[in-house]
Amino acid sequence: MTNNIVSEVEISYKNRVPYSQRQKITTSHSAYEVLTQLFPADTIDYRETFIVLYLNRASQVLGYSIVSQGGTASTVVDTKMVIQTALLANASCILLAHNHPSGNLRPSQEDNRLTDRIREAAKLFDIAVLDHIIITNESFYSFSDNGDI
């Protein structure tokens with residue numbers, strides 16, 4: 001007789017910020033202000049990082065996750081991990097962001113494809129992708145402001 005062992009899956013989200021103190025995203029500029037606090041200052045100019053903000057229906061930030069860190073020209077983003085974390089946080093909306101170490105704010109074809117892929121996956125769970133923001137240490141590009149979302 002074999003002894004079958006099954007692993008337990010445990011899911012946890014710990015809310016440590018009261019509603020009254022949560023930051024609210026109302027514009028791409030307010031998102032940029034929040035995001036600049038999250039990107040590692042010592043690597044923003046040489047290593048690409050992809051961060052997702054998870055928001056409730058009132059556009060208050062529930063939390064964030066650093067989804068991936070890559071090299072100088074790209075980083076790999078697993079759509080499943082983005083959606084998994086959104087579901088775990090019970091997020092109604094998400095905001096995508098990554099930096100371009102080159103300083104070029106123009107989205108690449110891969111940036112556009114990734115945004116579309118995440119939007120399609122999120123739509124299945126009634127999660128809105130509010131924006132995708134490309135950040136440099138001097139400025140930002142908003143897909144939403146430029147009609148790309």
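Which is under 16 Å from the mean Cα position of the chain (by Cα) and without any contact (Cβ under 8 Å) to a residue 12 or more places away in the chain, of 65, 30?
30
Considering the range 130-149 alone, what residues qualify as being exposed (fewer than 15 other Cβ atoms within 10 Å of the Cβ) and closer than 15 Å to residue 67 by Cβ?
Kept after step one, since they are exposed (fewer than 15 other Cβ atoms within 10 Å of the Cβ), are these residues of the range 130-149: 137-139, 145-147.
None - no residue of the range 130-149 is exposed (fewer than 15 other Cβ atoms within 10 Å of the Cβ) and closer than 15 Å to residue 67 by Cβ, so the list stays empty.
Going through the range 110-127 one residue at a time, which ones are within 11 Å of residue 87 (Cα to Cα), of a type outside the set (Val, Ile, Thr) and not in a helix (DSSP H, G or I)?
Matches in the range 110-127: 125, 126.
Tell me, please, whether a residue that is open to solvent by 10 Å² or more (accessible area, probe 1.4 Å), in contact with a helix residue (DSSP H, G or I) (Cβ under 8 Å, 6 or more places away or on another chain) and modelled with pLDDT under 95 can be found in the range 122-129.
no
Based on this model, can you work out whether residue 102 counts as part of a helix (DSSP H, G or I) and among the small types (Gly, Ala, Ser)? Explain how you work it out, then say what you get.
Numbers: part of a helix (DSSP H, G or I): no; among the small types (Gly, Ala, Ser): yes.
So residue 102 does not fit the description; no.
Counting only residues that are assigned to a loop (DSSP other than H, G, I, E, B), within 18 Å of residue 112 (Cβ to Cβ) and among the hydroxyl-bearing types (Ser, Thr, Tyr), how many does the range 51-98 have?
2
Taking the options 59, 68, name whichever one is open to solvent by less than 40 Å² (accessible area, probe 1.4 Å) and under 23 Å from residue 10 (Cα atoms).
Answer to the check: 68.
Yes/no per residue for (1) of a type in the set (Ser, Thr, Tyr); (2) crowded, with 16+ Cβ neighbours inside 10 Å; (3) at pLDDT below 95:
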residue: 72; (1), (2), (3): yes, no, yes
residue: 90; (1), (2), (3): no, no, yes
residue: 94; (1), (2), (3): no, yes, no
residue: 97; (1), (2), (3): no, yes, no
residue: 107; (1), (2), (3): no, yes, no
residue: 116; (1), (2), (3): no, no, no
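Restricted to the range 1-50, and to residues that are of a type in the set (Phe, Trp, Tyr) and part of a loop (DSSP other than H, G, I, E, B), which residue is farthest from residue 139 (Cα to Cα)?
Narrowing the range 1-50 to residues of a type in the set (Phe, Trp, Tyr): 13, 19, 32, 39, 46, 50.
Going one step further and asking which of them are part of a loop (DSSP other than H, G, I, E, B), we end up with 13, 39, 46.
Working: 13: 32, 39: 13, 46: 16 Å.
The extreme case among them is 13.
Determine, yes or no, whether residue 86 is surrounded by 15 or more Cβ atoms within 10 Å (Cβ to Cβ), farther than 17 Å from residue 48 by Cα and in contact with a strand residue (DSSP E or B) (Cβ under 9 Å, 6 or more places away or on another chain). Explain how you work it out, then say what you get.
Values: surrounded by 15 or more Cβ atoms within 10 Å (Cβ to Cβ): yes; farther than 17 Å from residue 48 by Cα: yes; in contact with a strand residue (DSSP E or B) (Cβ under 9 Å, 6 or more places away or on another chain): yes.
So residue 86 fits the description; yes.
I'd like to verify a number: residues in the range 26-76 that are of a type in the set (A, V, I, L, M, F, W, C) and farther than 17 Å from residue 130 by Cβ, how many?
To start, the set of residues in the range 26-76 that are of a type in the set (A, V, I, L, M, F, W, C) comprises 31, 34-35, 38-39, 41, 44, 50-53, 55, 58, 61-62, 66-67, 73, 76.
With the extra rule that they be farther than 17 Å from residue 130 by Cβ, the set shrinks to 39, 41, 44, 66, 73, 76.
Of the residues in that region, 6 qualify.
Within the range 40-56, work out how many residues are surrounded by fewer than 18 Cβ atoms within 10 Å (Cβ to Cβ) and under 24 Å from residue 88 (Cα atoms).
Here the count works out to 1.
Taking residue 79, is it surrounded by 18 or more Cβ atoms within 10 Å (Cβ to Cβ) and either of a type in the set (Val, Ile, Thr) or free of Cβ contacts under 8 Å to residues at least 40 places away in the same chain (or both)?
No: the conditions fail for residue 79.
The values are calculated or read from the model by the stated rules, or taken from the named source; none is laboratory data. Values in this document were obtained by computation on a predicted structure and should not be read as measured data. FYI the Cβ positions are ideal-geometry reconstructions off the backbone, even for glycines, and counts take in every protein chain you see. Keep in mind that these areas ignore ligands, DNA and RNA; they rest on the heavy atoms of the full protein, side chains included. Shrake-Rupley method; radii C 1.70, N 1.55, O 1.52, S 1.80 Å.
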